[in-house]
1. Does Asn67 satisfy the condition of being farther than 30 Å from Ala8 by Cβ and touching a residue at least 12 places away in the same chain (Cβ under 8 Å)?
2. Ala20 passes all but one of (1) exposed (fewer than 12 other Cβ atoms within 10 Å of the Cβ); (2) in contact with an Asp or Glu (Cβ under 8 Å, 6 or more places away or on another chain); which number fails?
3. Go through the residues of the range 41-51 one by one and say whether even a single one is at pLDDT 85 or above and open to solvent by 60 Å² or more (accessible area, probe 1.4 Å).
4. Give all pairs with beta carbons closer than 6 Å in which a residue from the range 3-16 that is open to solvent by less than 50 Å² (accessible area, probe 1.4 Å) meets a residue that is of a type in the set (Lys, Arg); count only pairs at least 6 apart in sequence or on separate chains.
5. Go through (1) open to solvent by 60 Å² or more (accessible area, probe 1.4 Å); (2) touching a residue at least 24 places away in the same chain (Cβ under 8 Å); (3) of a type in the set (A, V, I, L, M) for Ala78 and report which single condition fails.
Amino acid sequence: PKLAQADAAVALADAQVEVAQRDARPAPSAGVRLAREGSTSRPGNPSPGSNIVMGTLAVPIPAFRRNRGEVARRMAQAEVARIDHGALL
């Protein structure tokens, strides 16, 4: 039972490292906006309405939110879990 518990602790620690690393990655976002402009026709200058499609793409620059402290802490916990697991073998 202690070996199974150590296996679970290693798996949990590895998953926590993955989550911490994922939080440090930028999360891009995309968007599309549809709009319709009305007609501006005047006598002698017919101008039908227009459909407008606008797209946006935002990619944050990870200059400040690198999550280094949390990643390092989780990696240290994973290493401790592996050492504890190795001690049981």
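The values are calculated or read from the model by the stated rules, or taken from the named source; none is laboratory data. Since the structure is predicted, the reported quantities are computational estimates derived from the model, not experimental observations. Cβ: placed from backbone, ideal geometry, glycine included. Neighbour counts: every protein chain shown. Protein only, heavy atoms only, side chains kept; ligands, DNA and RNA dropped before computing areas. Shrake-Rupley method; radii C 1.70, N 1.55, O 1.52, S 1.80 Å.
1. no
2. (1)
3. yes
4. Val10/Arg82
5. (1)
A quick yes/no check of all residues on (1) of a type in the set (D, E, K, R); (2) under 30 Å from the mean Cα position of the chain (by Cα); (3) part of a strand (DSSP E or B):
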{"site": "Thr56", "(1), (2), (3)": "no, yes, yes"}
{"site": "Ala63", "(1), (2), (3)": "no, yes, no"}
{"site": "Arg66", "(1), (2), (3)": "yes, yes, no"}
{"site": "Val80", "(1), (2), (3)": "no, yes, no"}
